[in-house]
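Colleague: The structure that follows is given in the form of structure tokens.
The values are calculated or read from the model by the stated rules, or taken from the named source; none is laboratory data. Everything quoted here is computed from the prediction, not taken from an experiment. All Cβ positions, glycine included, derive from the backbone under ideal geometry; neighbour counts span all protein chains shown.
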Amino acid sequence: MKTKKKGNQRFENVALYIRYEDGDLDEMKKKEEILVKYCEEHNCNIVKKYFDSNGCYFPYFSNTMRNFLRNIGNREFDYLITCDVNDLTECLHQLVAIYTILEDEDTKIITINQGTLGEDMLLDGTFLENVMNKKELQNPRVKYDENGKFIDTEEDPF
């Protein structure tokens with residue numbers, strides 16, 4: 001794992017993945033603030049930010065995700081952090097592909113709402129059904145409406 005030491009603190013190298021509605025710069029900025037704050041609280045070193053204003057183009061990845069996956073071998077980070085698993089994709093087969101590719105590269109996916117994405121979650125039919133159908137989480141830190149649109153609650157998610 002790539003780390004750099006500063007005193008007794010350890011900084012994990014991370015990339016942020018921020019998906020927002022096309023043209024909604026307020027949503028983009030708010031999600032970026034949430035992720036940056038999360039990283040500050042967890043002593044993460046942000047080395048890259050990916051901004052994606054596109055959704056799921058079944059059966060294709062968005063251009064941002066396609067470029068991200070194409071260059072994963074040259075990454076400088078060990079964790080990809082996003083607000084919600086649906087920010088990576090809304091398509092189940094794409095989520096499994098993203099997870100598999102990143103797992104092969106020893107890169108973990110962390111979401112603010114669901115935690116660290118793991119194989120156990122992908123094998124849990126209830127988890128996948130709830131995520132892909134955008135069923136409401138019990139206590140989501142980052143909120144979305146029934147259509148999957150980000151809701152800026154002005155609340156601190158932490």
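Colleague: Pairs, please: C-beta under 8 Å, at least 6 apart or cross-chain, first residue farther than 18 Å from E76 by Cα and among the charged types (D, E, K, R) and in segment 7-32, second modelled with pLDDT under 90 and assigned to a strand (DSSP E or B)?
Modeller: Cβ pairs passing all conditions: E21/F150; D24/F150; E27/F150; K30/F150; K31/F150.
Colleague: Which helices (runs of 4 or more DSSP H) sit wholly inside segment 1-117 and have at least 1 residues that are at pLDDT 95 or above?
Modeller: Because the criterion is at least 1 residues that are at pLDDT 95 or above, the helices (runs of 4 or more DSSP H) in segment 1-117 that meet it are 25-41.
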